[in-house]
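Written out below as structure tokens is the structure these notes cover.
The values are calculated or read from the model by the stated rules, or taken from the named source; none is laboratory data. Every value quoted in this text rests on a predicted model; they were computed, and no experiment measured them. Cβ sites come from the backbone with ideal geometry, for glycine too, and all protein chains shown count toward neighbours. Please note that ligands, DNA and RNA were not included when accessible areas were found on the heavy atoms of the full protein model with its side chains. Shrake-Rupley method; radii C 1.70, N 1.55, O 1.52, S 1.80 Å.
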Amino acid sequence: MPLHKTIQINENTTAYFWHITEDVTSLFRAVSLKDTSLFRLEGMKSEAHQKGFLAVRMLLQHLGYTDYDLHYDESGKPHLRPETVSWKLEENPSPKHISISHSHEFSCICVSTELMGIDMEKCKEKTLKIAPRFLEMKHLENLSTPDKIAKATVIWGVKESIFKIKNEVGISFPEHIFEDEFNLKDGKCSANLHFNNQIENFNIQFYNVEEYIFVCAFPKK
Ligand SMILES: CC(C)(COP(=O)(O)OP(=O)(O)OC[C@H]1O[C@@H](n2cnc3c(N)ncnc32)[C@H](O)[C@@H]1OP(=O)(O)O)[C@@H](O)C(=O)NCCC(=O)NCCS
């Protein structure tokens with residue numbers, strides 16, 4: 001399956017989605033991987049994980065990058081190599097930042113000149129069951145069950161996205177990241193990180209992609 005869709009989040013930021021319908025072998029044959037990625041791929045226990053990882057490389061290739069343009073820091077955060085970021089994307093000429101997420105049969109990457117973090121999650125009842133562990137339950141009051149599931153999934157994605165921006169050991173979703181009240185239909189919200197005696201604010205945009213929620217967070221300027 002080729003690229004499923006793109007979302008232009010703002011003038012500096014685009015997200016790309018791959019709907020994984022291929023088997024591992026077809027994906028593997030379609031990408032070229034550096035040794036460290038081959039090693040990682042071989043160590044993955046599930047085919048689903050392998051497919052998600054390879055689909056990210058399909059997205060990179062779609063944008064004119066390869067696996068060689070991507071590297072990870074010691075915490076697992078992905079970065080684009082600085083020497084390759086300036087010329088590859090016509091619609092987004094110098095993206096400095098990349099964020100990656102996979103969920104079931106989708107992989108997505110987001111590239112931007114701005115610092116951002118993304119998360120994609122399938123809407124499922126389990127997220128609602130564990131909601132008291134990571135969100136303020138007053139934010140789910142007076143909603144239908146499907147809307148409660150969707151809103152809990154957005155809030156989970158908000159916290160994952162902010163974590164991916166900050167990438168700091170010790171950040172706890174319930175203790176340090178707080179979502180402001182929002183309406184699902186608005187497609188945007190804000191949240192705050194209280195950590196290390198500082199408060200940082202984030203703007204969030206979120207979207208439905210099939211039966212998934214896609215979230216993109218930006219530090220407030
Ligand atoms: C690392 C983490 C952010 C991954 O998120 P996830 O929803 O499990 O998985 P996703 O598919 O959305 O994201 C995985 C991608 O995130 C990226 N990633 C991994 N570690 C990262 C980090 N420290 N910072 C930023 N991005 C990171 C990677 O690109 C990874 O994919 P890849 O290795 O195939 O390239 C998550 O597992 C985590 O550690 N969260 C914070 C811990 C926490 O507090 N959890 C629950 C508290 S209630």
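Just to check, using Stokes-Einstein with a Kirkwood Rh over alpha carbon pairs, what's the diffusion coefficient of the chain at 37 °C and 0.692 mPa s in µm²/s? The calculation lands on 182 µm²/s.
What's the magnitude of the charge dipole for the range 116-199 around its Cα centre, counting Lys and Arg as +1 and Asp and Glu as -1 at the beta-carbon? Answer in Debye, nearest 20. Walk me through the intermediate numbers first.
Details: 13 positive and 13 negative charges, 59 e Å.
Computed about the Cα centre, the dipole is about 280 debye.
Computed 3J(HN,Hα) for the range 174-186, one whole-Hz value per residue from the Karplus formula 6.51 cos²θ - 1.76 cosθ + 1.60 where θ = phi - 60°, is x, 8, 10, 10, 10, 7, 7, 4, 7, 9, 4, 5, 6, glycine and proline marked x. Mean residue ellipticity at 222 nm, helices only, the chain: -8500 deg cm²/dmol; runs of at least 4 DSSP H residues each add -39,500 (n - 2.57), and the sum is divided by the number of residues. Applying 1/(1 + (r/R0)^6) with r as the Cβ-Cβ distance of LYS129 and ASP35 and R0 = 35 angstrom yields a FRET efficiency of 0.25.
Once you reduce the range 133-179 and the range 7-34 to the center of their Cα atoms, the two points are 26 Å from each other.
Between THR6 and HIS79, the C-beta separation translates, for a Förster distance of 22 Å, into a calculated FRET efficiency of about 0.55. Distances between placed amide hydrogens fall under 5 Å for ILE9 paired with THR14, ALA15, all partners being 5 or more residues away or on another chain. Across the range 137-164, the residues whose backbone nitrogen lies under 15 Å from the label position 7 Å along the beta-carbon direction of ASN196 are 163-164.
What percentage of the solvent-accessible surface of the range 164-213, computed with a 1.4 Å probe over protein heavy atoms, is contributed by carbon and sulfur atoms? Working shown, then result.
Values: 1250 of 2820 Å².
Here it works out to 44 percent.
For THR66, no residue has an amide H sitting under 5 Å from its own, ignoring neighbours fewer than 5 places away on the same chain, with H placed 1.01 Å from N. Counting only protein heavy atoms and using a 1.4 Å probe, the accessible area of MET44 comes to about 20 Å². Per the Cα gyration tensor, the range 91-156 maps to an equivalent ellipsoid with semi-axes of 30, 13, 10 Å, ordered largest to smallest.
Leaving out ligands and nucleic acids, note down the accessible area per residue over the range 109-221 with a 1.4 angstrom probe, in whole Å².
Details: 5550 Å² over 113 residues.
About 49 Å² of surface per residue is accessible.
Accessible surface ranking for TRP156, TRP18, 1.4 angstrom probe, highest first: TRP156, TRP18.
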